Amino acid sequence: MNLNGLKYFLEVAKCKSIRRAAERQHIAASAISRQISALEHELDCVLLDRRSDGVTLTEAGVRLWKHGLKIEAQLRLVQSDIDDLKALHRGAIRITTVEGITENFLPEVLTEFNQLYPDVIFETTVASRDETVDALDRYDADIGFVYDFSNHHAIETFADYRQALIPFVPTDHVLSDGQEIGLAELLEYDHVLPDDSFGISQLIKRVAKKEKAKVAPRTVSNSLQFLRSYAIRNNAVFFVPVQAVYSEVTGNALAPVNLQCPAFAHRRLSIARRRQRSLSPATTLFAKFAEEHFMDWEARDASALTAARQKWWAPA
């Protein structure tokens, strides 16, 4: 099979447009059309329905797309193995991750890893939990970091980091003093939430439904950074793991709420990959490296949370 033709076909399938695929590949659209036509001739079938507003996959095209994603992933693995022979742990690692670890954990771990293996390049995409799982399923990511992973036919996890979900409020909020509160009562205060593709929102709504509590956020967003800034400016409740707000907690901008909700305490971050997919040596090494840092970061989380409680919560 013409691998160049397959490469361009997969790009067109992703973009749903020959023109957009050509722009992304920095090649003439006519060249891509010729490659795909040659591939269609080789396979003796039509792969694309070409329309004025773009292209759609035929039934044969859908089947080739599914197999092609696996072939593309294997080719990357071959390249990575060859790179590994030429230089220790050289290559690219594609990570898709939830936003909660992008402020502290992931930048620090990537930095430490690159100090040991400077020839490794990271391609990091920040997404919701659902989007991260989809990226792994489509072979668009080598590994992913996800919260509260439960079940997916094509995805498996191989390491966990316990990260409780904590409600935070600005330090001048009435709930910053540590008074005990249940979720139903807490949600009566102004609060903000990420959109429903985030595990945070899914967990809160699931527990709230059991408690017959009303969820009515002041604003919804696909960015935790935006929600954090909005909550601070509008004296609202904001739900995140503590390590996502180290700077705000230690800088006296946010205080933890004393929420009595066991379901939030057992939340976990997991490293995930596509089931039965072989990872490159560099990716395997990095995943192990990240896992080895989980225990240290759990201790950091506990220390930061304890310090904040001691500072803001009134003595019993």
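Just so it is clear, none of the values below were taken in a lab; they were calculated from the coordinates. What you are looking at is a predicted structure, and each value in this text was computed from that prediction instead of being measured. Methodologically, a virtual Cβ is constructed for each residue, glycine included, from the backbone with ideal geometry; neighbour enumeration extends over all protein chains shown.
For the reader, a short list of remarks on this structure follows.
- Between helix 199-210 and the chain: long-axis angle, C-alpha atoms, 0 to 90°, nearest 10: 50
- Here the Karplus relation 6.51 cos²θ - 1.76 cosθ + 1.60, evaluated at θ = phi - 60°, turns the backbone of the range 139-156 into coupling constants of 6, 7, 9, 7, 9, x, 10, 9, 9, 6, 5, 10, 7, 8, 4, 10, 10, 9 Hz, with x for every Gly and Pro.
- Largest to smallest principal axis extent of the C-alpha atoms in the chain, angstrom: 77, 46, 32
- Crossing angle, helix 224-234 versus the chain [Cα axis fit, 0-90 degrees, rounded to tens]: 30
- Rounded to the nearest 20, the Cβ-based charge dipole of the chain about its Cα centre (Lys and Arg +1, Asp and Glu -1) stands at 660 debye.
- Distance between modelled label sites at PHE122 and GLU108, nm, 7 Å Cα→Cβ extension: 1.3
- On the beta carbon distance between GLN260 and LYS16, with R0 = 51 Å, the FRET formula returns roughly 0.55.
- Set of lysines near LYS70 by C-alpha distance (under 26 Å), chain-local residues within fewer than 8 positions excluded: LYS7, LYS14, LYS16, LYS86, LYS288
- Relative contact order [Cα under 8 Å, 6+ residues apart], the range 3-64, whole percent: 31
- Order of ARG233, ARG277, ARG138 under a 10 Å beta carbon neighbour criterion, fewest first: ARG233, ARG138, ARG277
- Computed from label points 7 Å out along Cα-Cβ, the spacing between VAL78 and HIS26 is 2.4 nm.
- Helix axis angle, 29-43 relative to the chain longest principal axis, alpha carbon, degrees: 70
- Helical runs assigned H by DSSP (4 residues or longer) give the chain a calculated mean residue ellipticity at 222 nm of -15000 deg cm²/dmol, each run adding -39500 (n - 2.57) before division by the residue total.
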